[in-house]
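The values are calculated or read from the model by the stated rules, or taken from the named source; none is laboratory data. What you are looking at is a predicted structure, and each value in this text was computed from that prediction instead of being measured. As a convention, Cβ positions derive from the backbone with ideal geometry for all residues, glycine included, and neighbour counts pool all protein chains shown.
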Amino acid sequence: MARAPSSIVIFSRQRPCRTCRNFSTQIRKLTVERKEIEFISEGIKPNQNHELPQSVNQHFTDVTKEVAKIMRTKSNWEQTLMLDFPSFNFTDPQFFWQLLKQQNNAFLSLRFFHWLHLHSDFVPDQVSCSVLFDSLLEAKACNAAKYFLQVSSFTPEQGSLERYICCLCDGGMVNDALDVFVKFKDIGICPSIATWNSALLGCLVVQRTDLVWKLYHDMLESRVVADIETVEYLIRAFCYDGKFMKGYQLLRQVLEEGLVPRNIAFNALISGFCKLRNFVRVSELLHTMIAKNCAPDIYTYQEVINGLCKNKMLLNALRIFNDLKNRGYSPDRVMYTTMIHGLCEMGWIRNARKLWFEMINKGILPNEYTYNSLIHGTFKNGEFRKARKLYDDMRDRGYGETTASYNMMITHLCLCGRTNEGFELFKEMAQKGIIRDVISYNAVINGFCKKGMMVEGKNLLNELLAHGIQPSSLSYIPLIKKLCELGDMKEAKQLWNDMQNKGLKPMACDYDHFISALCVRDHVMDGMDWLVVMLKNKLRPKKKTFETLIKCVSHCGRLDVMSRIVYYIKMGICNSLVWKFDMKKMGWRNKRPESFFKVYTRRRTRSVGTKKEELAKASKRKSLFKVYTRRRTKSTGTKKEELAEGSRGKSLFEA
DNA sequence: ATAGGGTTAG
C-alpha cells in the first residue's frame, strides 16, 4: 500500500480556487457551449453532403418542441412519439442536436438518447456527446454520466474528463474516479492539481484514507506539485488514521514555508490532540491559529469543548464556553448540546438544565441530540418521571425516530428495571422500520439478564446472530455474568468460548464474573486458574479481582495460594508498562512490593482476625514472600525465562 | 460538527 512520504513538495499557491467543486463558476456555462455548438455545426455536416434547407431546420425545431412536451407530460412517451411521428427519422444527428439545444434538460436528452440507442444503436456525433456529457456533469449526475460514457463509448476531451473525476468524487464514486486516473496515466497526460485535490477530498469524505495515500503516491510519481489544499487533505488523512503527530509535523513543515492551511486542518489536529489528552498542544495550536491570522471559528471551539468534556475536564470546558459568550461569540445549538451532554455525563444535571433553558430563551430550540443528552442525564440522576416527560416532549416535536434515540431510551428503561417497557420500544422499532443495531440488542439482552430471564436473553442473542449483526462482547457478557451468578459455570464457559471464537476479546473486568463466582463457592484454585489466563492474555487484573481472590483465600486459609498471588504480581505484571503506570498512581513506585502485599493483608485482617493473629500471619506471609523475591532476582529477566519460571512456580505451588 | 453501551483511584 502506498504511504505518504515524510516530506512533500509545496507549490506556493496559497488559496487555490476550487476548480472542480464549484461547477457554476468553473465550468463553461451550458449556454456558451450551445453557441459553440451552433458555430461548429455550420462546419460539420453529419450524414449530409449538402446544407439542410432552412425549412427542414424549422421542421426539426417544431418537432423537438413537440417531443420535449410529450416527454415531459406523458409517462408512455415512447409509444406516443411513434404514433404521433410514424415516419419521422429520430436518428438524424441534426435532430439530436436540435433536441439538446431545445430541451435544456440533460436528463430528458439522456432518456431520449437511451431510447434511440436501444432501438437503433444510435450514437450521437462527438460534439453532441460532449455537450450532453458536460451538462450531465454540470447537473452532478455522476451515475448518468458514467452510464452515458459506457454506452456511447465516446472519448471526452481532457477538461471534461477532469470534471468527470470531480463529479464522481462529489458523488462518492471514488473507485470510478480512480479508474479515470488510470486512463489519464495510460495516455500519458497528467490531470491538474485541482483535479488531484478533488479526488483526495473525495476519498477523504468516504473515509478511504488508503486511497488518499495511494493517490498521493501516484501524484508524486506523476511529479505533480502539491499545494496547500493538498496539504490540508493529507493532514486530515493523517488525523483520520490517528497519526496526529505526523499530521502535526506536516503542519509545522508548511508553516515554516510560510503557508497556512484552512481552519479545518487545524480543527482536525485539535480534535486529535484532545483525544490524546495533549491539551498543551491544543493550546499551542490555538495560539498558532491566531498568530497566523486564522481565527479559531465556532467549529474549533466546538472541538476544544468536546475534547475537554470527553476528558472530564468540565470546569475548563465551562470556562471556555462562558468566555466565548462574554467575548460575543454566540454558541450555536451544537455547542450548547455538546456542553449539556458533557454536564449530563458527569452528573451535573442542574447546570445542564440551566444551559437548556438559557438556549431556549435565546431562541435556539433543542434538537434530537440535545433532548437525548438531557434525557440521558435525567435518567442518570434517577429521575425516571422527568425523563419520561422529556421523552414524550421530544416525541411530540417529531423527534426520536432514530436508532440512537431508541437505544438511549431502551438502555435506561432496562437499567432502571423496566425491562418490559424497554422491550416494547424494541418491538416498536421493528414495526416502524427503524434499524435495530447491536446496541439495541445488547440493551435488551442486558435487561433480560438483570431480571433473570435467561431464556429470553439467549433467544435475543440468537436472533441478533441470525440477523447477521456483528455481536460485540457486550452481547455475551450480561448472559455470562448472570450464569456465573446462578452457578451455571458450564453454560457460562460455553458462551465465553463462543464469544472468543467470534474474535471478541473480553476485557479484564469480564474475568471477574468467573473469579468471584468461583470464590463464592470456595473454588479458589479454579479462580486462580482464571487469573493465570488473564495474565497470559496480557490483561491487567483490576484491584477488585485481587480483592475477591484474597478475601476468598483468607476465608479458607490457603496461604499457599496467597503467596502465589504475590508471585504473579511480582513475576507477571511488574514488568509491564501498564502496571508500572498503575503502581505509580498507587504511590508505590520505588517501594518494595511488600507494601502492596501489606495493603491487602491489613484490610483483610481488620475484618477477620485479632491484632495478634494478624501480626503472626503477616510475618509468615512476609517470609513466604521473601522466598519468591529472592528466586525472582536470580533470574536474569528475559521474557522467555520469566515465563518458564512462571510455569515452574505454578507446579511448585500445586505440589 | 452535536446524541446511544462497561473500567479505575482516595
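Limited to the stretch A:104-159, what total is found for residues that are charged (D, E, K, R) and buried (at least 22 other Cβ atoms within 10 Å of the Cβ)?
Number satisfying all stated conditions: 1.
I'd like to check something: does the stretch A:417-429 contain any residue that is surrounded by 14 or more Cβ atoms within 10 Å (Cβ to Cβ) and assigned to a loop (DSSP other than H, G, I, E, B)?
There is at least one residue in the stretch A:417-429 that is surrounded by 14 or more Cβ atoms within 10 Å (Cβ to Cβ) and assigned to a loop (DSSP other than H, G, I, E, B).
If you go through the stretch A:235-255 one residue at a time, do you hit one that is within 15 Å of DNA strand B (Cβ to nearest atom), under 30 Å from A:Lys362 (Cα atoms) and surrounded by fewer than 23 Cβ atoms within 10 Å (Cβ to Cβ)?
Within the stretch A:235-255, none of the residues are within 15 Å of DNA strand B (Cβ to nearest atom), under 30 Å from A:Lys362 (Cα atoms) and surrounded by fewer than 23 Cβ atoms within 10 Å (Cβ to Cβ).
What about A:Thr370, is it loosely packed, with under 15 Cβ neighbours inside 10 Å, within 23 Å of the chain's Cα centre (by Cα) and within 12 Å of DNA strand B (Cβ to nearest atom)?
Working: loosely packed, with under 15 Cβ neighbours inside 10 Å: no; within 23 Å of the chain's Cα centre (by Cα): yes; within 12 Å of DNA strand B (Cβ to nearest atom): yes.
In short, no.
Please determine, by comparing only the residues of the stretch A:328-343 that are more than 7 Å from DNA strand B (Cβ to nearest atom) and among the hydroxyl-bearing types (Ser, Thr, Tyr), which one is modelled with the highest pLDDT.
Result: A:Tyr336.
Working only within the stretch A:207-261, note down all residues that are at positive phi and within 24 Å of the chain's Cα centre (by Cα).
Looking only at the stretch A:207-261, we keep the residues that are at positive phi, and these are A:207, A:223, A:242, A:258.
Those that are at positive phi and within 24 Å of the chain's Cα centre (by Cα): A:Gln207, A:Gly242.
Tell me, which helices (runs of 4 or more DSSP H) wholly within the stretch A:445-533 include 1 or more residues that are β-branched (Val, Ile, Thr), over 34 Å from the mean Cα position of the chain (by Cα) and near DNA strand B (Cβ under 10 Å from one of its atoms)?
On the way: elements: A:454-466, A:473-486, A:489-501, A:511-520.
In the stretch A:445-533, no matching helices (runs of 4 or more DSSP H) lie anywhere.
Mind counting the residues in the stretch A:493-519 that are closer than 20 Å to A:Gln470 by Cα and surrounded by 13 or more Cβ atoms within 10 Å (Cβ to Cβ)?
Pass one, the stretch A:493-519, residues closer than 20 Å to A:Gln470 by Cα: A:494-507, A:510.
Now restrict to residues that are surrounded by 13 or more Cβ atoms within 10 Å (Cβ to Cβ): A:494-496, A:498-500, A:502, A:504, A:506, A:510.
Looking only at that region, the number is 10.
Going by what's in this entry, would A:Tyr371 be described as in contact (Cβ under 8 Å) with a residue 24 or more places away in the chain, touching a Leu at 6+ places or on another chain (Cβ under 8 Å) and under 19 Å from A:Glu421 (Cα atoms)?
On the way: in contact (Cβ under 8 Å) with a residue 24 or more places away in the chain: yes; touching a Leu at 6+ places or on another chain (Cβ under 8 Å): yes; under 19 Å from A:Glu421 (Cα atoms): no.
Judged against the criteria, A:Tyr371 is not a match.
Quick check on A:Phe357: is it in contact with a Lys or Arg (Cβ under 9 Å, 6 or more places away or on another chain) and away from DNA strand B (no atom under 13 Å from the Cβ)? Outline the logic, then answer.
Numbers: in contact with a Lys or Arg (Cβ under 9 Å, 6 or more places away or on another chain): no; away from DNA strand B (no atom under 13 Å from the Cβ): yes.
Here the answer is no, as A:Phe357 does not meet what is asked.
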